[in-house]
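*Asks:* Can you keep this structure in mind? I'll have questions shortly.
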């Protein structure tokens, strides 16, 4: 047996041992916890009340991601070197992903030059929104804990994109952009005509045209729900696995048992879903924008 | 007989509390699972036939994966809606 195997076996033994110990101490008795409300983890409490412009958690996260997006990129752009260091290399990889894969791959070159700033910003902003969401920040003012006499809000995971209004606004911007581009280049009638697939004539138009119009409108909904539900469901699963389930059901052993799953899902969300959803959102925006100027 | 009929709505309401989420999430997971399986299976097939196309196939693969995975969330959201609007 090699050393790594021994360490792995020891870790597994400790894991099982703690599970059995918790079972022995607390047993299988279930105490249903009705005071802990899982939806409060996503509740928006107004910290500064300003009507529609009230400042709450989602606004704070939006600000953090917006500031991060602008400052990291401006900072790196200001210190560009001929011999790139590690951070610059990483940013250059992201830049070429945005320029070549997202923008140029889906539209003509003249259009790509025009729309690259918009699509790049969209990608980076959603990306930072998602990534900041996996950083525990002291923002849960519903539950506070006491640290040397100071009442500090609990550390919580929350992302601006886990609130449906943020993806909805982003999707609305994309929707208005591609409809405007389509109407500007082809005219209102021409744009509606371009929705019809080639080779459809006569009575079939009555059937196909409404379906195509509805499917264009559904792009708004699918863009929103794809981003929101991915991030929201990820947060809920992490919350459940990393203790929420044990707190609700009052089963201490179950909380320990589910913890590794929580960690694995956290890494999956952080490593794949956060980047992938930002990429998909920007790519689909580019596909819709590119598709708006061409006939089917 | 009447007493038995009286119990049915109570029992049914007990079932429906989380029923929408279960059906939406479960059936959504079935569809998305099949779809994701097909995507990755086809990617393996394509890469073994043409290993030099690997980079191009990988970028398309993630697009397809994310689009298919979203279908699961449509089911889940529909289930959550039925739970909230009950």
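Readers should treat all values here as calculations from the given coordinates under stated rules, not as data from a laboratory. All values derive from a computational prediction rather than experimental measurement. We place every Cβ from the backbone using ideal geometry, glycine too, and count neighbours over all the protein chains shown.
*Asks:* Explain nothing, just the number: relative contact order of segment A:115-272, from Cα pairs under 8 Å at least 6 residues apart, as a whole percent. Walk me through the numbers on the way to the answer.
*Replies:* Details: 137 pairs, mean separation 31.1, N = 158.
With pairs under 8 Å counted, the relative contact order is 20 percent.
*Asks:* I've got another one for you. By how many degrees, between 0 and 90 and to the nearest 10, does the Cα long axis of helix A:57-78 differ from the longest principal axis of chain A?
*Replies:* Compared with the principal axis, the helix lies near 70 degrees.
*Asks:* Related question: Which parts of segment A:89-131 would a label at residue A:79 reach, counting a residue when its backbone N lies under 19 Å from a point 7 Å out along Cα-to-Cβ?
*Replies:* A:89-95
*Asks:* Beyond 16 Å, how much of the Cα-Cα pair distribution for segment A:235-290 remains, as a whole percent?
*Replies:* That fraction is 54 percent.
*Asks:* While we're here: Using alpha-carbon pairs under 8 Å, 6+ residues apart, how would you state the relative contact order of chain A in percent? Intermediate values should be presented prior to the final figure.
*Replies:* Numbers: 295 pairs, mean separation 77.1, N = 296.
The value is 26 percent.
*Asks:* Also, I was wondering about something else. Would you mind computing Rg(Cα) / (2.2 N^0.38 Å) for segment A:150-296, counting N as its residues?
*Replies:* 1.48
*Asks:* Please quote Rg/Rh for chain A to two decimal places, taking the Kirkwood radius as Rh and restricting both calculations to Cα atoms.
*Replies:* On the way: Rg = 24.4 Å, Rh = 22.8 Å.
When Rh is taken as the Kirkwood radius, the ratio is 1.07.
*Asks:* Just to confirm the number: angle between the C-alpha axis of helix A:252-268 and the first principal axis of chain A, 0 to 90 degrees, nearest 10?
*Replies:* With both axes taken from Cα atoms, the answer is about 30 degrees.
*Asks:* On C-alpha positions alone, give me the angle between the axis of helix A:274-292 and the longest principal axis of chain A, in degrees, nearest 10.
*Replies:* 10
*Asks:* Which value results for Rg/Rh of segment A:98-212 when Rg is the Cα radius of gyration and Rh the Kirkwood radius based on the inverse mean 1/r?
*Replies:* Details: Rg = 22.4 Å, Rh = 18.3 Å.
Rg/Rh: 1.22.
*Asks:* Taking a quarter of the surface of the Cα convex hull of segment B:20-84, what do you get in nm²?
*Replies:* Over every viewing direction, the Cα hull of segment B:20-84 projects on average to 3.9 nm².
*Asks:* What is the spread of the Cα atoms of segment A:191-275 along each of their three principal axes, largest first, in whole Å?
*Replies:* 67, 26, 16
*Asks:* Largest first and in whole Å, give the semi-axes of segment A:1-103's equivalent ellipsoid, each being the square root of 5 times a Cα gyration tensor eigenvalue.
*Replies:* In descending order, the three semi-axes are 44, 33, 11 Å.
*Asks:* Give the distance, in whole Å, between the Cα centre of segment A:123-165 and the Cα centre of segment A:1-68.
*Replies:* For segment A:123-165 versus segment A:1-68, the Cα centre distance is 12 Å.
*Asks:* Could you work out the pair-distance distribution P(r) of segment A:76-123 from its alpha-carbon pairs, with 10 angstrom bin width and percents rounded to whole numbers?
*Replies:* Calculated P(r), rounded to whole percents: 26, 45, 27, 2.
*Asks:* Per DSSP helix of 4 or more residues, -39500 (n - 2.57); summed, then divided by the residues of chain A. What does that give at 222 nm, rounded to the nearest 500?
*Replies:* Details: 10 runs with 187 residues, N = 296.
That calculation yields -21500 deg cm²/dmol at 222 nm.
*Asks:* Now, a different point. With r defined as the distance between the Cβ atoms of residue A:37 and residue B:85 and R0 fixed at 30 Å, what FRET efficiency is calculated, to the nearest 0.05?
*Replies:* The pair residue A:37/residue B:85 has a calculated efficiency of 0.95.
*Asks:* In peptide A:277-290, how many Cβ atoms from other protein chains are near each Cβ within 10 Å, on average?
*Replies:* Details: counts 3, 0, 4, 7, 1, 0, 5, 3, 0, 0, 1, 0, 0, 0.
Counting other chains' Cβ atoms within 10 Å and averaging over A:277-290 gives 2.
*Asks:* Could you work out how far apart the two model spin labels at residue A:110 and residue A:146 are, taking each label as a point 7 Å from the Cα in the direction of the beta carbon, and quote it in nm?
*Replies:* Computed distance between label sites residue A:110 and residue A:146 equals 7.1 nm.
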